[in-house]
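These notes concern the structure reproduced below.
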Amino acid sequence: MLGDARLRGQTGVLSERRGSYPFIDFRLLNNTIYSGEIGTKKKLKRLLSFQRYFHASRLLRGIVPQTSLYLLDEDYLGQARHMLSKVGLWDFDIFLFDRLTNGNSLVTLLCHLFNVHGLIHHFQLDMVTLHRFLVMVQEDYHSQNPYHNAVHAADVTQAMHCYLKEPKLANFLTPLDIMLGLLAAAAHDVDHPGVNQPFLINTKHYLANLYQNVSVLENHHWRSTIGMLRESRLLAHLPKEERQDIEQQLGSLILATDINRQNEFLTRLKTHLKNQDLKLEDAPDRHFMLQIALKCADICNPCRLWEMSKQWGERVCEEFYRQGDLEQKFDMEISPLCNQQKDTIPSIQIGFMTYIVEPLFEEWANFTGNTPLSENMLNHLRRNKTKWRNLLHKQHSSSSRSTDHSVQKTEHEEQTLNEGGTL
C-alpha cells in the first residue's frame, strides 16, 4: 500500500518523499549496452585509481571528508579545476567533466557555481548541508537512463550559467534569481523514470493519477525537489515566507519545461519582443525570462559542438527506443518517435531542430541582441542540422541500394526457375 506520497509542509506546498512511487522496471526488457559514455562500475574502476573511486563512493553516500570540503582528490583536482575555470564557455565538455569527477559532475558543478555567484555567502548557506542536498539530487537521477540522468542535469545547469551571464539579463538579476535558475536547472528532471507522460497516462501510473494527467513528470520533479530541500534543511534558516516563495518559484520554473507548453511560452515571448514591453526591473518579467532561459538550456543539445550534440541525440533516441520496446512487449501502441524500425535518429533530430529548437533560439537571440553566444549557438544548430541531413541522405541511399540489390536478386532467381534451373 503506497499511501499518499505527498507531504504538506509548513509552507503549504505539497512535496513528495524520495522513492515514493513504483519504479519503471526496465529489467523487463532485454537491456542493450549503450556504446557511448555509459559504462559499468567495473570498467570505471579500472580507468580510475582506487583512491579516486573510493573517494567518489564516499561522496555519493553523502559522507563528507573530514579534512577538506574539496570535492576532488589531488590526482585529478587540477584537470577538473582547469575545466571549471572555463565553465562559462559554450564548448564546455560535460562528458569529460563527468569522467574527471568520477560521475559527480552535478554536485561539483553546483558547488562551484554557488561559490562563484556568491550565493553561499549571500544566503548564509552551510556548505556541508548544501553538499548533502546536492548529493541527494544527483542520486535521485537514474544513471540507467541514457538521456534523463545527472549528466543531462549538469549540462543544463552549465548552459543556464552561460545564459545568466548574458548582459541583457545579467544586469537585472538578483541573487535569488540566480539561485532559482541554477537550482531549477539542476533538479528539473530529478527522478525521471525514462518514459514520457503519455506512457504514464496509458499505463494508469500512480503519478498520472496523482497529478491528474497534467504536467505529470514536471510536477513530480518539482515536488521531489521540494521534498529534498525540506529533508536536507538547506533553507531552514530562512524566514517562512521566503522559503515559500522559493518553493513556488522553483515550481513555476520547472513546470515551464513541459514541452506541451512550448507554443504558450514562445507566443508570449514573441509578443513581448514585438511590443518591446519587457521590463526586467520588474520581478514577474525577470521570472518569465528565467523560464525561457531554462527552456533553452533544457533543449540546447542541438546547439552544442557536433561531437557532443550527436551523442546527446543518440542518447535521447535510445531512451525513446527503450520505451517503444517496452510498449511493444506489453502489446501497447508504440508512441511517436519510439519505433526503432521506423523512426531514425537523423529524422527525429531534424524534426526536433526544425519545429522546437530553432523557433525558440531565434527568439532568444532577438532578446539577447544577437550576442556572440547566441550567434554561436545558432551557427552550431544550422551546421548540426546539415550533418543530420547528410546522415539521413546516406541512410536513404544505403536503403535504396539494398532494395535494388534485393530486387535484382529476386529477378535473377525467377529467371533461373523459369529456365528450369535450381537455386
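The values are calculated or read from the model by the stated rules, or taken from the named source; none is laboratory data. Keep in mind that what you see is a predicted model, and the values were worked out from it rather than measured. FYI the Cβ positions are ideal-geometry reconstructions off the backbone, even for glycines, and counts take in every protein chain you see. Protein only, heavy atoms only, side chains kept; ligands, DNA and RNA dropped before computing areas. Shrake-Rupley method; radii C 1.70, N 1.55, O 1.52, S 1.80 Å.
Take the residues of region 342-387 that are outside any helix (DSSP H, G or I) and modelled with pLDDT of 95 or more: which is most open to solvent (accessible area, probe 1.4 Å)?
Top of the filtered list is K342.
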Next item on the list: Can you confirm whether region 276-288 contains a residue that is assigned to a helix (DSSP H, G or I), touching a residue at least 12 places away in the same chain (Cβ under 8 Å) and under 22 Å from the mean Cα position of the chain (by Cα)?
Entry: yes
Next item on the list: Quick one: T108 ticks every box in (1) among the hydroxyl-bearing types (S, T, Y); (2) touching a residue at least 40 places away in the same chain (Cβ under 8 Å); (3) farther than 24 Å from G313 by Cβ except a single one, so which number is it?
Entry: (2)
Next item on the list: Would you check if there is a residue in region 322-338 being within 22 Å of the chain's Cα centre (by Cα), of a type in the set (F, W, Y) and open to solvent by 10 Å² or more (accessible area, probe 1.4 Å)?
Entry: no
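Between T129, T157, which is hydroxyl-bearing (S, T, Y), at pLDDT 95 or above, under 26 Å from H220 (Cβ atoms) and open to solvent by 10 Å² or more (accessible area, probe 1.4 Å)?
Working: T157 fails: open to solvent by 10 Å² or more (accessible area, probe 1.4 Å).
Checking each option against the conditions leaves just T129.
Matching residues to (1) in contact with a Ser or Thr (Cβ under 7 Å, 6 or more places away or on another chain); (2) outside any helix (DSSP H, G or I); (3) farther than 20 Å from D258 by Cβ:
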| position | (1), (2), (3) |
| --- | --- |
| C296 | no, no, no |
| P302 | yes, no, no |
| S309 | no, no, yes |
| C317 | no, no, yes |
| Y321 | no, no, yes |
| L326 | no, no, yes |
| E333 | no, yes, yes |
| Q340 | no, yes, yes |
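Scan region 97-115 and give yes if some residue there is under 27 Å from D282 (Cβ atoms) and either part of a helix (DSSP H, G or I) or open to solvent by 10 Å² or more (accessible area, probe 1.4 Å) (or both), otherwise no. I'd like the intermediate steps shown before the answer.
Of region 97-115, the ones under 27 Å from D282 (Cβ atoms) are 113-114.
Cutting the leftovers down to either part of a helix (DSSP H, G or I) or open to solvent by 10 Å² or more (accessible area, probe 1.4 Å) (or both) gives us 113-114.
Yes, because at least one residue in region 97-115 is under 27 Å from D282 (Cβ atoms) and either part of a helix (DSSP H, G or I) or open to solvent by 10 Å² or more (accessible area, probe 1.4 Å) (or both).
Do we have L229 as surrounded by 19 or more Cβ atoms within 10 Å (Cβ to Cβ), over 19 Å from the mean Cα position of the chain (by Cα) and part of a helix (DSSP H, G or I) here? If you could, list the steps in order and put the result at the bottom.
Numbers: surrounded by 19 or more Cβ atoms within 10 Å (Cβ to Cβ): yes; over 19 Å from the mean Cα position of the chain (by Cα): yes; part of a helix (DSSP H, G or I): yes.
Spelling it out, L229 is indeed surrounded by 19 or more Cβ atoms within 10 Å (Cβ to Cβ), over 19 Å from the mean Cα position of the chain (by Cα) and part of a helix (DSSP H, G or I).
Here are V151, V135: which of them is more than 24 Å from C300 (Cα to Cα), in a helix (DSSP H, G or I) and under 23 Å from the mean Cα position of the chain (by Cα)?
Numbers: V151 fails: more than 24 Å from C300 (Cα to Cα).
The conditions single out V135.
Answer yes or no as to whether R268 is touching a helix residue (DSSP H, G or I) at 6+ places or on another chain (Cβ under 9 Å) and in contact (Cβ under 8 Å) with a residue 40 or more places away in the chain.
no
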Next item on the list: Those residues that are among the aliphatic types (A, V, I, L, M) and in a helix (DSSP H, G or I), I need them from region 184-226; list them, please.
Entry: A184, A185, A186, A187, L200, I201, L207, A208, L210, V216, L217, I226
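Quick grid of which residues meet (1) modelled with pLDDT under 95; (2) out of contact with any Asp or Glu (no Cβ under 7 Å at 6 or more places or on another chain); (3) of a type outside the set (V, I, T); (4) open to solvent by 10 Å² or more (accessible area, probe 1.4 Å):
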site: L269; (1), (2), (3), (4): no, no, yes, no
site: H272; (1), (2), (3), (4): no, yes, yes, yes
site: P284; (1), (2), (3), (4): no, yes, yes, yes
site: A293; (1), (2), (3), (4): no, yes, yes, no
site: A297; (1), (2), (3), (4): no, yes, yes, no
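Please work out which residue is most open to solvent (accessible area, probe 1.4 Å), limiting yourself to region 237-260 and to residues that are assigned to a helix (DSSP H, G or I) and without any contact (Cβ under 8 Å) to a residue 40 or more places away in the chain. It would help to see each step written out before you state the result.
The first filter runs over region 237-260 and keeps only residues assigned to a helix (DSSP H, G or I), leaving 240-255, 259-260.
Add one more test, that the residue is without any contact (Cβ under 8 Å) to a residue 40 or more places away in the chain, and what stays is 241-242, 245, 252.
Details: E241: 128, E242: 63, D245: 64, S252: 38 Å².
Restricting to residues being assigned to a helix (DSSP H, G or I) and without any contact (Cβ under 8 Å) to a residue 40 or more places away in the chain, the top hit is E241.
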